[in-house]
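Chemist: Got a structure for you, written out below as structure tokens; questions coming shortly.
Read-outs throughout are calculated quantities, based only on the coordinates presented, and are distinct from any laboratory measurement. Since we're looking at a predicted model, the values are computed, not measured. As a convention, Cβ positions derive from the backbone with ideal geometry for all residues, glycine included, and neighbour counts pool all protein chains shown.
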Amino acid sequence: MYRCSLAASSYLAWRLVPVIAQPYHLLRDLTRRVSPEDVASCEEKYNKSKMVHSILRHVAETTQAKLEDLYEYMAWPLYTKYGHAFEAFKHMVWPFH
């Protein structure tokens, strides 16, 4: 069994890498149903992350900065301090909310 992965080289190339076989008892049970609460919380987190990425992408395009640098020096520290960078952005816009 093989999967595709990105090769680390001067150019991006696809190569096949063998997947390490794992015992079946360690694999996740994908047949279980997901509760509506889990779906709602995952969708909320996904939408917040999408908004943060949109904001950072706009800032990167406007200031000609690298998107990766904005994540490294701004967004990821906000995730550790506020739990999610969206919450930090929300406090910047609505300081008393």
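Chemist: When the chain is fully extended, how far beyond the present Cα-Cα distance does Asp69 get from Tyr46, taking 0.36 nm per residue of separation?
Modeler: Extending this stretch completely gives an extra 6.1 nm.
Chemist: List the lysines whose alpha-carbon lies under 17 Å from that of Lys45, not counting same-chain residues fewer than 8 positions away?
Modeler: Lys81, Lys90
Chemist: Which chymotrypsin sites (Phe, Trp or Tyr not before Pro) in the stretch 42-97 sit in a loop by DSSP (not H, G, I, E or B) and have at most 12 other Cβ atoms within 10 Å of their own Cβ?
Modeler: Phe96
Chemist: Using Cβ contacts closer than 10 Å as the measure, can you line up His84, His91 from fewest to most? Numbers along the way, then the final one.
Modeler: Details: His84 16, His91 13.
Ranking His84, His91 by Cβ neighbours within 10 Å, fewest first, gives His91, His84.
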